[in-house]
Each structure stands twice: as structure tokens, then as C-alpha cells.
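Values quoted throughout were computed directly from the atomic coordinates according to the rules given, and no laboratory measurement underlies them. Note that the structure is a prediction, hence the values are computed from the model and not measured. As a convention, Cβ positions derive from the backbone with ideal geometry for all residues, glycine included, and neighbour counts pool all protein chains shown.
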Amino acid sequence: MKEKKPALYQLKRTDKIIFIIFFIIFSLLPILTDDDRNKEPEIYPIWIVLSIDAIVLVYLIAFKWLKEFKNKYYLILLLKIFAITLLLLVPQIFIYNLLFEAKLIVSQHEFFVDVLSLLLYILIISSILFGLIMFNKNIEVQIKLLKNESTRKSNELRVLKSQIDPHFLFNNLNTLDALIDTDVKKAKPYIERLAKLYQYLLATIDEDTVSLNEEIDFAKDYIYLIKERFGNDYQFQIINQCKKDEDKLIPPCAIQTAFENIIKHNNASKQNPITIKIIIEDEHVAISNNISLKTNPVKSFGIGLNNLQSRYKILCNRTIEVAIDDHYTITLPLIQKLTQ
């Protein structure tokens, strides 16, 4: 068990520097003031001692008493400060007068004024120092809260992204299973393309966002898998109207998640194909399809759109939009890439 260090050693480096500067300035006060008594050489030793006293008082006030201060005890606090000031100053000045026969105190009135002036000076310095301490502490608390919030969001994103792989694998194994039953020759190229898609998933496993162009390429590969299984039952059209698509970001697998949702809920056939339009604008990607709902949708983990919605909320505090009329449209917001 480590031995607890004294409170003075727990001060930060900046606090110690402030104390040193305060000590130097306070020690030079006799030179800076117009009081004739301060011109005497004998005054300097006592000022150095007083500077040490002042530092002790500033430390006690700023780091101890003000932290425990309550409004109803303000009179007790002032009396405590005044009493300790007298206990420190009076014996030292008295002893100094006896040793050096220097009449530092001309009168009781003058002594009282000097003590009050010193006390006021100490209170002002202590208040300023305490204010700086509280200000720095508040900044540290805010930084800590931001770091904790960032860590929390990163952890949430990690959990959400960990759900994507099994969700993606589950749907595509179902596709592969059906493909093997219908056309074994197509299974091998399907597996090869599936492996390519998994390379993308592995490459983006630590990425919260990917470039829009990367996501579009991934979507095209995924369209290949859909076409291999369903043929012309699903038809795709990509319309890119984004002027600066290289500056846009999107969560990984966002477009693919929308595709999965369409396949899950719609009944496509050659006689009644589902046409999916991917319209890429400057601010969003809109994925629209005609509606032909299944009477019994294929069961899944049920985490697709909800997962994507949660990731958007964490990343940019925005949500995906769903509109239903004669078409079903999912709108995915694009995230602007920060330029340095």
C-alpha cells in the first residue's frame, strides 16, 4: 500500500509556479511601495517571512477552506482567516523588533491598517487563485465527460457493428443455400463474390464511416449476389447526382442494409419485378422500390434498419427517413468529410 503524500505534494505544477511567482512579487512589495518604512534594509527579512506566511494562508484559503465553505459560515471563515493572520504576524514582528531593535510598527493604528491591508491582499489573491482552480477543474470535468461520452459512443458503435457480420452472413447463407438447390454451377462464383464482400467487411471493421464511393462499389457487388439468386426478379438502377461524392461519408453496409430490408418484405417475380432505384444526391442517398409485400416475410434477426438507425444517431445525431406511398423509400443521410 502506497503512503499518501502530503497535500502540498499533490499540487499541480502550474499551482506551484503560481505560488513561486506570488512569493517573488510579495517579496518585492517593499521596493514597489512608497511607504518610507519599506526603504529600510531591515524590512526585507521580515517581508520574506511575511511572504512565506502569505503563501501558507493562500494555500489554506484557496485549497482547503474555500472548498468547504458554505454561505451560512462566511463569518466563521473570515474570523478564522483573521485569527490565523494575527497569530502568524504578531509574534514574528514582535520578535523581529526585539532582535533588530527596528521599530517597524509606529502605532497600533498603523499596525492594524497594515494587517488589514495584508489580509485584504491575501483574500484577493486567494479568491483569484480559487477562481482559476475552479475554472481549470471545470474544464477538466468537461474534457473527462467528453472523453467518457466518446468512449461510450465508440463502444456502442462496436457492439452495433458486431451485429452486422452475423446478420450479413445469415442472409447470404440463406441465399447460397437456395442457389445450391437451384443452380450448383453458380455457387462457386457466388462464393468468390461473397468472399470479396467479406474482405470489405474486414477492411472496414474498425471504421465508423467509409467513403461514399467505397460503399457504392460494395453495393454493386452485393447487387451481383442478388441477381445471381433472383435473376430479373429484382432490377437495379443507380443514379449518381452527387457533385462531390469524394467528400461524402456513410456508415459501412448502409445501402446493403436497405437492400436486405426490401428483399425481406417484398415478393418479387418475373411477372411482378421489384425495381430498386438508388438516387445519390449531395446530402443523401434515396433507395426507392415499388411495393409488393409478402404475406409471410422471411424471418431474420430483425436488427437491420434499427441497427442502422442507431449508428446514424451516434455518428451524426441524424436519422434515416422512411416514406411510404406508391413506393417505399429509405433516405440515408450523407456525412460531410472534414477537411484539414
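Inter-label distance, I139 to N240: 4.6 nm, where each label sits 7 Å from its Cα along the C-beta direction. Relative contact order of the range 168-327, taken over Cα pairs closer than 8 Å and 6 or more residues apart, is 20 percent. With the simple model of a label 7 Å out from the Cα in the direction of the Cβ, I17 to K294 spans 6.6 nm. For the listed peptides 206-217, 269-280, 176-187, a ranking on the average number of other beta carbons within 10 Å per residue, highest first, reads 206-217, 269-280, 176-187.
For R318 and L87, the difference between the fully extended length at 0.36 nm per residue and the C-alpha to C-alpha distance is 76.8 nm. Positive contributions from Lys and Arg (+1) and negative ones from Asp and Glu (-1), summed over other residues with Cβ under 13 Å from the Cβ of R229, come out at -3.
Among residues other than N290 with Cβ under 15 Å from its Cβ, the summed charge is 0 (Lys and Arg +1, Asp and Glu -1). Between A178 and N267, the FRET efficiency estimated from the beta carbon spacing at R0 = 22 angstrom works out to 0.90. At full extension, K277 and D326 could sit 16.3 nm farther apart than now, given 0.36 nm per residue minus the alpha carbon distance.
Less than 5 angstrom separates the built amide H of N240 from those of I280, all sequence-distant by 5 or more or on a different chain.
Give me the net charge of I320's neighbourhood, meaning all other residues with Cβ under 11 Å from the Cβ of I320; Lys, Arg count +1, Asp, Glu -1. In short, +2.
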